[in-house]
Amino acid sequence: MVVVREIRAAGHWPTAKEVDRITLPYDQRHRRRLRLVADAGTELLLDLPAARLLREGDGLKLRGGAYVHVHAAPEDLIKVTAADTAALIRLAWHLGNRHLPADLDFDSDALGRILIRRDHVIEDMLLRLGASLRPVRVPFNPESGAYEGAVPHDHGHHDYDDHGDENHRHDHSHSHSHGHRPPAPDSISAADVVPVPAHAPAHQAGHRQPPRPRGSDA
């Protein structure tokens with residue numbers, strides 16, 4: 001078994017030194033450590049310092065300077081298009097707000113397109129936002145994000161984070177809110193603080209007493 005600790009980006013390795021190729025779906029191309037078998041039978045152990053996305057055309061560097069060529073396998077995806085570029089950008093914002101992997105292309109189609117994985121909840125949201133959807137079977141090469149190569153911190157729907165366990169995945173809900181911090185202690189006014197008599201039971205501390213009815217002698 002050959003240990004792979006270095007990846008060369010597409011176009012930055014000598015293709016003449018290719019000795020094998022490996023065809024993988026997206027789930028198996030975003031890993032840190034994983035056992036693999038290339039198309040011609042070369043056994044590999046991917047052992048990287050941090051999880052990263054293997055992209056179409058990347059080269060896995062082997063001992064002696066040989067390479068295994070990475071190919072992205074075709075997958076069942078949804079092609080998202082819109083009436084104009086501004087509408088497509090709006091759709092991309094909603095997908096990004098949910099931390100969904102998305103493959104963006106503004107060159108192959110006149111107005112651009114987005115590829116996402118099948119998800120009926122997300123598809124329904126996009127339709128309500130005016131998107132046009134079409135099932136396709138093509139390789140999936142989503143954007144890697146601004147922190148490619150850093151320690152992953154993914155918490156969106158269907159985003160994957162490898163912490164050294166080849167079968168570890170994080171699946172979360174379809175949407176989540178980004179809440180706001182509660183007021184800082186120094187923003188509480190004096191009117192919010194209710195003095196408690198020394199003889200009051202401990203469970204009453206910090207709680208405002210209900211107002212007494214007018215005219216009550218009690």
Item to check | For segment 2-72, the spread of Cα positions along each principal axis, largest first, Å | outcome: 28, 22, 22
Item to check | Whole-number percent relative contact order across segment 2-72, with pairs defined as alpha carbons under 8 Å at least 6 apart | outcome: 45
Checklist outcome for this item: Quick calc of log₁₀ I(q)/I(0), segment 74-139, Debye, one scatterer on every Cα, no solvent, q values 0.14, 0.18, 0.19, 0.23 1/Å, result -0.34, -0.57, -0.64, -0.98
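Bear in mind these aren't lab numbers, they're just calculated from the coordinates by the rules spelled out. Note that the structure is a prediction, hence the values are computed from the model and not measured.
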